[in-house]
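Since every read-out is calculated from the coordinates, none of them should be taken as a lab result. Predicted model only: the values in this text are computed from it and were never measured. Methodologically, a virtual Cβ is constructed for each residue, glycine included, from the backbone with ideal geometry; neighbour enumeration extends over all protein chains shown.
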Amino acid sequence: MYEGVVQDLIDELGRLPGVGPKSAQRIAFHLLDADPVDVRRLASVLVEVKDKVRFCVVCWNVSESEQCRVCR
């Protein structure tokens, strides 16, 4: 429906659980209208959480180490 990277963004957002096509479009347009600093911060946090966070080997809670706080 849209061209290039805008449609790519909508498509990728739509792959998230619970985010349908209309919601993906709304989020995409919100990001396009948002302050660039806020968008960069969001992008940075997404990459950081993917790099640092894992699942606890004991209980499968999220953690930045092998075991979460509860299981340590």
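Show the residue pairs that are 6+ apart or on different chains and have beta-carbon atoms under 7 Å apart, the first residue being within the stretch 1-28 and under 18 Å from Val39 (Cβ atoms), the second being aromatic (Phe, Trp, Tyr) and exposed (fewer than 14 other Cβ atoms within 10 Å of the Cβ). As it stands, the answer is Ile10/Tyr2, since those pairs meet every condition given.
Counting the residues of the stretch 17-72 that are on the phi > 0 side of the Ramachandran plot and under 16 Å from the mean Cα position of the chain (by Cα) gives 1.
Please enumerate the residues belonging to the stretch 60-71 that are among the hydrophobic types (A, V, I, L, M, F, W, C) and in a loop (DSSP other than H, G, I, E, B). Hits for the stretch 60-71 are Trp60, Cys68, Val70, Cys71.
For the stretch 4-59, a residue qualifies if it is surrounded by 10 or more Cβ atoms within 10 Å (Cβ to Cβ), among the basic types (Lys, Arg) and not in a helix (DSSP H, G or I), and exactly one does: Arg54.
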